[in-house]
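The values are calculated or read from the model by the stated rules, or taken from the named source; none is laboratory data. These numbers were taken from a predicted model, which means no experiment stands behind them. All Cβ positions, glycine included, derive from the backbone under ideal geometry; neighbour counts span all protein chains shown.
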Amino acid sequence: GGRGVSRGARSHRGLNQTICMSTVTRNANIGKLAAGYLFPEIARRRNEHLEANPDAKIISLGIGDTTEPIPQPIVDGMVESAKGLGTLDGYGKYGGYGAEQGQGPLRDAIAERFYSHVDTSAADIFVSDGSKCDIGRIQMMFGSGHSVSVQDPSYPAYVDTSVIIGNTGLFNDDTSQFDDIQYMACTAGNGFFPDIDSAKKSDIVFFCSPNNPTGAAATREQLTKLVAKCKADGSILIYDAAYAIYIENPDCPKTIYEIPGADEVAIETCSFSKYAGFTGLRLGWTVVPENLTFSDGSKVKTDYNRIMSTCFNGASNVAQAAGMACCSDAGYKSMLDLVAYYKENALILKKCFEELGFEVHGGTDAPYVWVGFPGKNSWDVFAEILSGTSIVTTPGAGFGPAGEGFVRASAFGHRENILEAVDRLKDYFKK
Ligand code: MLT
């Protein structure tokens, strides 16, 4: 049928199926995004497999979505707060709109629990509904007209939000990259840390450690280099620490503010999603240090505060109560136990792929295992694993062209499913 008619013209559905179009032009930047967002696309292919094989018992090692219940001490804090909202006193205390920056006691608790060994103060912490949402708001704050660098491969939200805000050119089929954005290759050859010396200067640098998807955690020495580079170039570093609690290598900092001078260079974003199973509950935070400024000397924090108060009404008060419980001694301990469970899953998967003779990275400082299939197209490998084992992975190319030849296996899953996945993989690849 016809694609539509403009509103000026008469339109009628029916024989020709014409629909009435607005006269509003589409955001051309969104038009640059060729396919859908990575994870919905994977869900679509998973559903396709299920339609074709209705009896398939799918195991998802795809999107990093938590599977285990929120630990009891944290649930208790949340329940108490939810009940309180049904009382006059409780509602008076935490009902209604909260501060856009988050509840004062929670900001204090996050500062105390995660930043007591560095200078970061509670006043620089903005509580939110999660890191991905914060990345979108950070982009809105900067606006367009900036050059951007990302690690390649990297979490797709950095590139996609940069495209949407207008900081890139078109998608280039020859390079599989968007033009005008610097992809800093992170490969086995460079230990998954980009060649900083040869990188061009850019205004905004996204960096994730431990890295999603490669699982590589950057060392103190590497991050010192990164901060020095950003400082020399006058860049602002957006440091994604969403998986920091998974780090066990003592040479790898858990926050960028362990690096001297990072408070003049870096915004750090973090989240309870992968710490305590809050992927659905939603709670995270972003640190915007007092000392971080724009080129005119004005504080970045002032503008971020303006964005938060304009576009956000504060995280859910129940989620914030859960966050408070995460920071208590009992809550923190239960969170570490949960993380240890997923870390064990990661080791099981890592071992499985190693035994099958694959090149395997990550899995010790992060909940992701990065498995090499040299010379193969990662979407083909994804499809082969799905059709051969009914296991969903994530194709490396979905994270950027340097992810080609890899798939990512997520360690978030029930233990019995992880073990079943191992059996199926061994069955399939040993054949
Ligand atoms: C992932 O699978 O990379 C994560 O679940 C994505 C996210 O945290 O948004």
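Limited to the range 310-332, what total is found for residues that are free of Cβ contacts under 8 Å to residues at least 24 places away in the same chain and closer than 10 Å to Pro71 by Cβ?
Keep residues of the range 310-332 that are free of Cβ contacts under 8 Å to residues at least 24 places away in the same chain, which gives 310, 329.
If we keep only those that are closer than 10 Å to Pro71 by Cβ as well, we get none.
Matching residues across the range 310-332 total 0.
For the range 133-156, which positions are touching a residue at least 40 places away in the same chain (Cβ under 8 Å) and within 16 Å of the ligand (Cβ to nearest atom)?
Selection gives Cys133, Asp134, Ile135, Arg137, Ile138, Val150, Gln151, Asp152, Pro153, Ser154, Tyr155, Pro156.
Please specify each residue of the range 29-80 satisfying the condition of being assigned to a helix (DSSP H, G or I), touching a Leu at 6+ places or on another chain (Cβ under 8 Å) and within 14 Å of the ligand (Cβ to nearest atom).
The one that is assigned to a helix (DSSP H, G or I), touching a Leu at 6+ places or on another chain (Cβ under 8 Å) and within 14 Å of the ligand (Cβ to nearest atom): Arg46.
What residue, among those in the range 383-402 that are more than 22 Å from Tyr342 (Cβ to Cβ) and surrounded by 23 or more Cβ atoms within 10 Å (Cβ to Cβ), is farthest from the ligand (Cβ to nearest atom)?
Filtering first and then ranking leaves Ala402.
Can you name the residue in the range 263-294 that is within 13 Å of the ligand (Cβ to nearest atom), part of a strand (DSSP E or B) and not small (Gly, Ala, Ser) and is also nearest to Leu226 (Cα to Cα) among such residues?
Filtering first and then ranking leaves Thr269.
Quick one: in the range 301-319, of everything that is part of a helix (DSSP H, G or I) and in contact with a Ser or Thr (Cβ under 8 Å, 6 or more places away or on another chain), which residue is surrounded by the fewest Cβ atoms within 10 Å (Cβ to Cβ)? Can you show your working first?
Applying the first criterion (part of a helix (DSSP H, G or I)) to the range 301-319 yields 301-311, 317-319.
Those still in the list that are in contact with a Ser or Thr (Cβ under 8 Å, 6 or more places away or on another chain) too: 304, 308, 317-318.
On the way: Tyr304: 23, Met308: 23, Asn317: 22, Val318: 19.
Going through the qualifying residues, I end up with Val318.
Determine, yes or no, whether Arg282 is of a type in the set (D, E, K, R) and within 15 Å of the chain's Cα centre (by Cα). Talk me through it step by step, then tell me what you get.
On the way: of a type in the set (D, E, K, R): yes; within 15 Å of the chain's Cα centre (by Cα): yes.
When the stated conditions are applied, Arg282 passes them.
Are there any pairs with C-beta distances below 8 angstrom linking a residue in the range 408-422 that is over 16 Å from Trp370 (Cα atoms) to a residue that is in a helix (DSSP H, G or I) and among the acidic types (Asp, Glu), with the two at least 6 apart or on different chains, and if so which?
What qualifies is Arg415/Glu344.
Looking at the range 374-393, can you tell me whether even one residue there is in the same structural domain as Leu50 (by TED's automatic domain parsing), over 29 Å from Pro54 (Cβ atoms), touching a residue at least 60 places away in the same chain (Cβ under 8 Å) and touching an Asp or Glu at 6+ places or on another chain (Cβ under 9 Å)?
Step one: filter the range 374-393 for residues in the same structural domain as Leu50 (by TED's automatic domain parsing), giving 374-393.
Remaining after also requiring over 29 Å from Pro54 (Cβ atoms): 374-375.
Those left that are additionally touching a residue at least 60 places away in the same chain (Cβ under 8 Å): none.
The answer is no, given that none of the residues of the range 374-393 is in the same structural domain as Leu50 (by TED's automatic domain parsing), over 29 Å from Pro54 (Cβ atoms), touching a residue at least 60 places away in the same chain (Cβ under 8 Å) and touching an Asp or Glu at 6+ places or on another chain (Cβ under 9 Å).
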